[in-house]
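*Asks:* Take this structure first; my questions come after.
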Amino acid sequence: MATAAAHRTAAAAAHDAQDTAATTAYERAFDAAVAADDRIEPRDWMPDAYRATLVRQIAQHAHSEIIGMQPEANWITRAPSLRRKAILMAKVQDEAGHGLYLYSAAETLGTGRDELLDKLHSGRQKYSSIFNYPTLTWADVGAIGWLVDGAAITNQVPLCRCSYGPYARAMVRICKEESFHQRQGYELLLALSNGTPEQHAMAQDAVDRWWWPSLMMFGPPDDASQHSAQSMAWKIKRHSNDELRRRFVDICVPQAESLGLALPDPDLRWNEERGHHDFGAIDWTEFWEVLKGNGPCNEQRITQRRRAHDEGAWVREAAAAHAAKHNGGTQGARA
Ligand code: BYC
C-alpha cells in the first residue's frame, strides 16, 4: 500500500511539474506578447489576475455607460428645442451602445452580462463616481458633455492601446462617439455663455458644480491607486491617474477661456517649470464617500437601474423566445 501511495504521489508530482513547466512557457509567451505591444486575444493564455483585472475594469466601465444615461435622460423631455432634443436622445442612445460593446468585451473573458448586471445591482461592482451627482439645470447637459465626456476621452484614448484586443477595439469606436459628445457639450455651453446674463450664469453654475467631480473621474491620486502599478505593467493602463488628470486640466484651461467661463479654482495657474497647470486640492473625502454609496444620487441611480432592469424583463424574455423560435425554425428547415 505504502509503495502504491508513494508511486501515486511521485506520479502526481511529475504531473504537477509538467503543468508548471507548461504554465511557465505560457507565462513567458504572455509576458513577451505584452512586452512587444502585441494584443492578447480571448483564446490566448493569460494569468488569472490579468483576466480578473480586465473584467473588473471593463465591467465598471460598462456599468458607468448605462448608469450615465440617467442624469442626461432627465433633460430629454425638457430640451429647449427640437434640435437639442434630437441631439440629446442620440447621445443617450450612444451611451447604451457603449455599454453593449463593453459588456460584449467582458463576455470574451468568460463573464456573462447577467452576472455583471447582478453584481452592479447588488452593489458588488462599482460605476463611475461622476454619475452620482444631480443634473439641476439644462446647462448641466452642456457641462457633462464638455467636462465629463472630455475627461472620459482623455482617460479612454490611451485605452485604445490597451493590451487586451477586444477592449482596445471597443474603445476606438467609443472614443469617436465621445468626441462628438464632447463637442456638443462645448457648443451648448458656448450658446448659453453668449446668451442672456441669466443663461451665462446658468452655464457658470453648472461648470462650478461639475469641475471637481470631473477631476475625480480619473481615480484616486497615484499613491492611493492600488491597481495602477500592475495594470500599467500589463499595459491595460498606459498612464497613471494623476498624469491623465494633469493632461485634462491643461486641455480645459484654454477651452474655458474661449467659452468665457471660469474654472472654480483660485489656485489654478500655469507652472512654467513643470510645463503644466498647478491646481487646488481635490476633496478626496468626498470621492471616497461617493464610492461608499453616500453621494447625492447613489440611491436614486441604483434604484432606477434595478427598476429599469425589472421592467425590461419581458423584453429579454420576448427576445429569448424569438431566438428560440428562430433557431428552432432553422433547425427544422435543415432537418
Ligand atoms: N469612480 O486603483 P484604482 C463615461 C475605484 S464612463 C468609481 O486607481 P484603477 C461616460 C477603482 O475601481 C466613465 N470608482 O483603480 C459614460 C478601485 O476600486 P475596486 C468610466 C473608482 O482601475 C456616459 C479603487 O477606486 N470610465 O466616461 O486602476 C456618459 C482604486 O482605484 C473611480 C471608465 O471606467 C471612479 N471615478 O483605475 C458620459 C474608464 N476611480 O475596483 C461619459 C476605464 C477609481 O478595487 N477605467 N475607482 O473596487 C479606468 O480607466 C480605471 O478603472 C480608473 C481607475 C482610472 C477609473
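*Asks:* In the chain, once you exclude exposed GluC sites (Glu not before Pro) (DSSP loop, at most 13 other Cβ within 10 angstrom), what's the longest stretch remaining? Kindly include the intermediate steps, with their values, before the conclusion.
*Replies:* On the way: sites that count: Glu272, Glu273.
Between exposed loop sites, the widest span is 1-271.
*Asks:* Excluding Trp212 itself, calculate the net charge of residues whose Cβ lies under 10 Å from the Cβ of Trp212, where each Lys or Arg counts +1 and each Asp or Glu counts -1. Numbers along the way, then the final one.
*Replies:* Numbers: positive: Arg209; negative: Asp208, Asp265, Asp283, Glu286.
Combined, the nearby Lys, Arg, Asp and Glu give -3.
*Asks:* Could you please state how large a percent of the accessible area of the range 236-335 is carbon and sulfur, counting protein chains only and using a 1.4 Å probe?
*Replies:* Reported share for carbon and sulfur atoms: 52 percent.
*Asks:* Same structure again: Can you give me the accessible area per residue for the chain, using a 1.4 Å probe, in Å²? Intermediate results must be reported in sequence, preceding the final value.
*Replies:* On the way: 17230 Å² over 335 residues.
Computed with neighbouring chains in place, this is 51 Å² per residue.
*Asks:* Per residue of the chain, what 222 nm ellipticity follows from adding -39500 (n - 2.57) for every DSSP H run with n ≥ 4, rounded to the nearest 500? Present the calculation step by step, with values, prior to reporting the outcome.
*Replies:* On the way: 14 runs with 223 residues, N = 335.
Result for the chain: -22000 deg cm²/dmol, rounded to the nearest 500.
*Asks:* Continuing with the same structure: Hey, with R₀ at 22 Å, roughly what FRET efficiency would Asn327 and Arg173 work out to, going by the Cβ-Cβ distance, to 0.05?
*Replies:* Working: r = 29 Å, r/R0 = 1.30.
My answer for the efficiency is 0.15.
*Asks:* List the residues, sorted by chain then number, that are 5 or more residues from His277 or on another chain and whose placed amide H is less than 5 Å from its amide H.
*Replies:* The list, which skips near neighbours in sequence, is Asp250, Asn271.
*Asks:* Another one. Pop out the carbon and sulfur fraction of the accessible area of the range 63-145 as a percent, whole number, probe 1.4 Å. Don't skip to the answer; put the middle values down first.
*Replies:* Working: 1870 of 3220 Å².
In the range 63-145, the share of accessible area belonging to carbon and sulfur is 58 percent.
*Asks:* For Lys292, give me every one of the lysines with a C-alpha distance below 22 angstrom, ignoring sequence neighbours fewer than eight places off in its own chain.
*Replies:* Result set, ordered by chain and number: Lys119, Lys126.
*Asks:* Suppose a student asked you for the relative contact order of the chain, using Cα pairs under 8 Å spaced at least 6 residues apart; what percent would you report? It would help to have the intermediate numbers written out before the result.
*Replies:* Numbers: 351 pairs, mean separation 55.3, N = 335.
Dividing the mean separation by the residue count of the chain yields 17 percent.
*Asks:* Treating only the Cβ atoms of Lys and Arg (+1) and Asp and Glu (-1) as charged, compute the dipole magnitude of the range 23-329 about its Cα centre; round to the nearest 20 debye.
*Replies:* Working: 35 positive and 41 negative charges, 209 e Å.
Using Cβ point charges on Lys, Arg, Asp and Glu, the range 23-329 gives about 1000 debye.
The values are calculated or read from the model by the stated rules, or taken from the named source; none is laboratory data. Keep in mind the model is a prediction, meaning the values are calculated, not measured. For neighbour counting, all protein chains shown are included, and Cβ atoms are generated from backbone atoms with ideal geometry for every residue, glycine included. Ligands, DNA and RNA are stripped out before the accessible areas are found, and what is left, the full protein with its side chains, is counted by its heavy atoms. Shrake-Rupley method; radii C 1.70, N 1.55, O 1.52, S 1.80 Å.
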